1. Defining a contact as two alpha carbons under 8 Å apart and six or more residues distant in sequence, what relative contact order in percent does the range A:45-150 show?
2. Tell me, what is the 1.4 Å probe accessible area of residue A:89, in Å² to the nearest 10?
3. From the phi of every residue in the range A:208-223, what ³J(HN,Hα) in whole Hz does the Karplus formula 6.51 cos²θ - 1.76 cosθ + 1.60 yield, where θ is phi - 60° and glycine or proline is x?
4. Among A:200-209, A:176-185, B:46-55, how do they line up from the highest to the lowest mean number of other beta-carbon atoms within 10 Å?
5. About the Cα centre, and with charges only on the beta carbon of Lys, Arg (+1) and Asp, Glu (-1), how big is the dipole of the protein assembly as shown? Nearest 20 debye, please.
6. Quick one: how many lysine pairs in chain A have C-alpha atoms under 28 angstrom apart, if they're 8 or more apart or on different chains?
7. Accessible area of residue A:49, 1.4 Å probe, to the nearest 10 Å²?
8. Based on the Kirkwood radius over alpha-carbon pairs, what value in µm²/s does the Stokes-Einstein equation return for the translational diffusion coefficient of the range B:1-73 at 10 °C and 1.306 mPa s?
Amino acid sequence: MSEATTTMAAREWPQALSKVPYWVFQDAEVYRAEQQNIFHGPFWSYLCLEAELGEPGDYCATFIGEQPVLVTRDFDGEIYAFENRCAHRGSLIAMDHYGHAKDFTCVYHAWTYNLQGDLTGVAFEEGINGKGGMGSDFCKRAHSPRRLRLANVHGLIFGSLDNDVPDIEDYLGQEILDRIERVLGGRKPVVLGRFTQNLPNNWKLYIENVKDSYHASILHLFFTTFGLNKLNQKGGIVVSESGAHHVSWSAINREAESGEHYKDQKIRSDSEYQLEDPSLVDSFSEVGDDITLQILSVYPGFVLQQIQNSIAVRQVLPTGVDTTDLHWTYLGFEEDTEEQQLVRMKQSNLVGPAGYVSMEDGAIGGFVQRGIAGASGEFATVQMGGQEAVSSESRVTEASIRGFWKVYREAMGFSIEESK
Amino acid sequence: MDAFTLISRAQGSYVRSIDDGPIEDWPEHFADDAFYKVTTADNHRRGLPAGVIWANNKAMLKDRISALKEANIYEPHSYRHLLGQPAILEESEDGATSETSFLVVRITGNGPTDVFASGRYLDEHVFVDGTALLKRRVVVCDSTRTDTLLVLPL
Ligand code: FES
Ligand SMILES: [Fe+2]
């Protein structure tokens, strides 16, 4: 048992999945234990897109939690990932978020690594004129940065720092795999833009927000204000078997649409405000089905988003107890027509740091973080839709949030309170 | 008036509409078919087309303003823009292209004055009836990061 696990076992977590203690968003010791138990633990973290490593030598410097990692494509065509930390005295091996290199030379003392992360050269290894240098017992092979386990899911590259992580197929489960395939399967994504949002809150408050389908029509009033809601949508929530991952979706309801009253009900015509350019919401069927919204999360910190034709991946990276980096990568696809790309550009206004239906999410975590100051002994209530963490046809539920906490509290090793 | 004066006058009025209001005047600094985008230096360098705000006509800019007034929810805040002198890159009777650096500080709620954004405006202006209107403004922010959210335009 790691030291982090032992200290966490001294903490009591409520038995009911519907109670979340506020200290979990506030405590520096918990934050440090998360780095060990979650981000270095047996879970898969999103690293980058395969499409971002198109050519041999392309690399991406990213993070799992706070741990810097380097993802590369070598000349054998394969993708590799290893800790971005020089085996000598710990400097970053590469700094550019996205770059291209034949190999990596640490700037501090010029130790050199190949694209697979093997230490290949040590400057002045033999010393100068027979003096100085490494001792004869020094073996380069024993000093390579730690390699990650990698998985490629329809072009999404996931990595894990723990060799005991289950296979990605078992980790995600068939329903989640199918929903990823629905958006990315057989298509080659093209990056349209990358934006980073600094969130003034603990990372888990953003994860709760992503999994919270209950807030969407209440906090985000853009569609309602401008009368753009379709009243007769169907949808639901999928919670993966473990509780870890989720999908929230909605679709055009063809049956209701063919009904007599549909024409009158299609658009809320009573809205006071109109868009001057309503072409913002003109969309095409993304993959040939009726699904217009699909938000998918993979534990601990990955989101795949389809909001109409706005496709993006989001990577959630904790940077402190009450600060989080949210990395957005907006996507199109190679086969997009010019018209389709234009639709994606217009709809990029819906999401991101200035998004019509997402900007509130950048601030709401901060409102909670500030609201719970002084309440570390109190609890959040997550009982909308019951006590379980299971799929449902209603999106007025907090089931997927309960699923997150179920997996989280176990991974952290808290003691679960005896039921009364 | 020469291009420098026309552009300087327009920019003074532009930042005043955002910082001191009325914010409804902001879209009036653009031509009807104007293009406006807020992006980052990194995206710009790589030629990536998306923006955090992306508009290809003035109506979309007006929608930005009605959304922030009527629909979006956020903590009240204000900006103060500090603009450098416009560097005029090309000019003719009918218009000019220019680049102008900016620094924007933000004051949220009763919080402090925080540096929110720095960068440059890449502009195409048309001169209409003695005023410079923006035909194209690409706001290139130096940093890839946006703190919390971007509501008011830059
Ligand atoms: S720290 Fe990298 S070579 Fe010394
Ligand atoms: Fe939201």
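1. Reported relative contact order: 22 percent.
2. Per-residue accessible area (residue A:89): approximately 150 Å².
3. Going residue by residue, I get 4, 4, 5, 7, 8, 7, 5, 7, 4, 7, 9, 7, 9, 9, 4, 5 Hz, with x marking Gly and Pro.
4. A:200-209, B:46-55, A:176-185
5. Around 960 debye, computed over the protein assembly as shown.
6. 26
7. 0
8. 115
The values are calculated or read from the model by the stated rules, or taken from the named source; none is laboratory data. A quick note: this is a predicted structure, and the numbers were derived from the prediction, not measured. Heads up, the Cβs are rebuilt from the backbone with ideal geometry, glycines too, and the neighbour counts pull from every protein chain shown. Surface areas here come from the heavy atoms of the whole protein model, side chains and all, with no ligands, DNA or RNA. Shrake-Rupley method; radii C 1.70, N 1.55, O 1.52, S 1.80 Å.
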